[in-house]
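To start, the structure under review is shown below, and the notes come after it.
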Amino acid sequence: MDKLLGIEKWQRIDNCVVKKILSFIGNKKTYQDILDTMEHVKICTKTISNIMKNAKIDKEYYLNKTDKKIKIPHTLYIQIDGTYLKMWNEKKTGKKKIKKHSIFSTVYTGFDETKSTEKRPVIANKLGVIELDNIPEYIKKNSKLTNFVNKLLTLITSYYDINDNIEFMVLGDGAPWIKNMAKFIQEYFPKNKVHYTIDKFHLTSRFK
């Protein structure tokens, strides 16, 4: 059964739980928020920290996988953000505080009108990709983000039905490396219109 579920011999947490925790981190939930939400799973802060430390950048983390190509009404929205997570790295030589850099992207086709309410909008056809690393040099040097770009483009081409009439909207916090993502997507889809804008959360926070 473990082999069927893709669980290693030493692993004590189901992969679905790991992905759920990673998605919470992507939504900027604190460790305590995650513990409160997943109380039934019986995990602790050290468990969450270990999941983050053991995540590898050469492994693809796709959230909400689907076997069918998703139809896009008009625009494919690509929300991108990055964050640093502080944690303790325990080794034989001692305990050291490290920073773990995480990049998250949520891709969706707009809002689900059947599920959305006036107070709680629900985004439609949401998929996601995650990359984790220890303060990667490509962020510091603002280079082409090769690993992350490849994962994101693979997700888009594998799961969404793209044609020349589809437009892309890249949303971020204004960071130069996120702005450059729009350029990379335009290079990959030269016949499509690609836009960039600051997302609602970061835009409104600038005026508070």
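Please give the peptides 183-191, 37-45 ranked by average Cβ packing (other Cβ atoms within 10 Å per residue), highest first, as a rough proxy for protection.
Ranked by mean Cβ neighbours within 10 Å, highest first: 183-191, 37-45.
State, to one decimal in nm, how far the label point of Leu153 lies from the label point of Lys191, with both points 7 Å from Cα in the Cβ direction.
Modelled inter-label distance: 1.7 nm.
No lab work stands behind these numbers, since they all come straight from the coordinates. The structure displayed is predicted, hence computed values, not measured ones. FYI the Cβ positions are ideal-geometry reconstructions off the backbone, even for glycines, and counts take in every protein chain you see.
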